[in-house]
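Heads up: the structure comes next, in structure tokens.
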Amino acid sequence: MIVIDGKGLAKKIKEELKLEVDAIRSAGGKIPHLAAVLVGEDPASQVYVRNKVRSCEQCGFGSTLHRLPAEATEADVLELVDQLNRNQEIDGFIVQLPLPKHINEEKVTLAIDPKKDVDGFHPVNIGRMTLGLPCYLPATPNGIMEMLSRYEIETNGKEVVVLGRSNIVGTPMSVLLSRKGNPGNATVTICHSRTKDLEAHTRRADILIAAIGIPEMVTADMVKEGAVVIDVGINRVDDDSRERGYRLAGDVDFAGLKNKVSAMTPVPGGVGPMTVVSLLMNTLKASKGIV
Ligand code: GUN
């Protein structure tokens with residue numbers, strides 16, 4: 001079984017990005033600059049945003065972190081979004097989700113200028129993606145596409161099953177893999193909480209992408225021999241034997257599947273690092289004014 005090393009691949013792509021930024025700097029061009037907005041103290045969000053800012057530094061990108069307290073109002077967040085939309089120095093920015101309950105995420109997403117929406121969450125970008133027009137692709141599905149491409153995993157004519165239909169992973173993943181292209185040209189099935197006989201679908205998959213947020217729910221009896229399995233889950237599971245009181249678990253029972261599948265991503269060190277790299281690739285695109 002091949003362990004798909006997202007961490008190693010992300011490091012390699014970051015080195016490539018750094019070379020490109022060095023060349024831009026030498027030529028006196030615009031250095032890509034990402035801003036991130038973090039509202040409140042959600043522990044996982046703090047880790048993700050810290051990784052994004054650190055990755056910018058590693059690649060020579062500019063970055064700015066805006067922290068707002070959990071009590072910030074929707075108007076405060078919209079005001080900051082408006083400032084970032086207008087700030088010429090900022091090429092792209094993200095508002096880390098989830099937002100505190102009293103803030104309407106949809107309203108905030110819609111307020112972001114689609115040209116700076118490097119998360120690819122704005123309906124304009126999702127629409128453009130669906131039509132195959134230039135756009136910012138959502139980071140996680142795009143990171144998975146990059147991974148499939150660099151590992152030369154054939155998707156043409158393959159049966160792909162995506163578990164989960166979220167706006168940020170499952171739905172865009174199904175669009176990207178079914179459209180014309182390489183990777184692409186796959187026959188895609190989306191499964192979700194109302195799917196009947198889930199196992200009948202998953203057992204047919206040449207490529208199984210799990211993005212449901214249920215720790216280790218994909219077990220060996222659910223997969224086809226030789227399948228490629230991509231695990232998007234990052235779940236915190238209580239574990240008193242760890243100093244921090246939890247361990248990270250994917251949506252897939254990695255140990256149970258490893259003698260059955262042909263390739264699989266680990267958690268951590270699989271899809272997660274590729275997501276950050278996608279965001280950097282989008283920010284570089286933004287600084288060049290490609291979208
Ligand atoms: N929360 C979980 N994943 C993401 C992401 O890719 N972008 C943002 N902004 N928030 C998230």
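Overview of values
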item: Qualifying residue in the stretch 134-141 (condition: assigned to a helix (DSSP H, G or I) and without any contact (Cβ under 8 Å) to a residue 60 or more places away in the chain); result: yes
item: Helices (runs of 4 or more DSSP H) wholly inside the stretch 172-291 containing at least 2 residues that are touching a residue at least 60 places away in the same chain (Cβ under 8 Å) and of a type outside the set (Lys, Arg); result: 271-288
item: Enumeration of residues in the stretch 113-128 that are among the hydrophobic types (A, V, I, L, M, F, W, C) and within 13 Å of the ligand (Cβ to nearest atom); result: Val118, Phe121
item: Meets criteria (more than 21 Å from Val3 (Cβ to Cβ) and modelled with pLDDT under 95) for Arg236; result: yes
item: Tally of residues being of a type in the set (D, E, K, R), under 24 Å from Ile290 (Cβ atoms) and assigned to a loop (DSSP other than H, G, I, E, B) across the stretch 66-120; result: 4
item: The stretch 1-47, residues that are among the β-branched types (Val, Ile, Thr) and either away from the ligand (no atom under 16 Å from the Cβ) or part of a loop (DSSP other than H, G, I, E, B) (or both); result: Ile2, Val3, Ile4, Ile13, Val21, Ile24, Ile31
item: Within the stretch 74-109, tally of residues that are under 24 Å from Pro32 (Cβ atoms) and more than 11 Å from the ligand (Cβ to nearest atom); result: 14
item: Given (1) touching a Ser or Thr at 6+ places or on another chain (Cβ under 8 Å); (2) of a type in the set (A, V, I, L, M); (3) away from the ligand (no atom under 16 Å from the Cβ), number of the condition Leu131 does not satisfy; result: (1)
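The values are calculated or read from the model by the stated rules, or taken from the named source; none is laboratory data. Computed from a prediction, not measured in an experiment: that's the story for all the values here. Here Cβ is always computed from backbone atoms with ideal geometry, including for glycine, and neighbour counts include all displayed protein chains.
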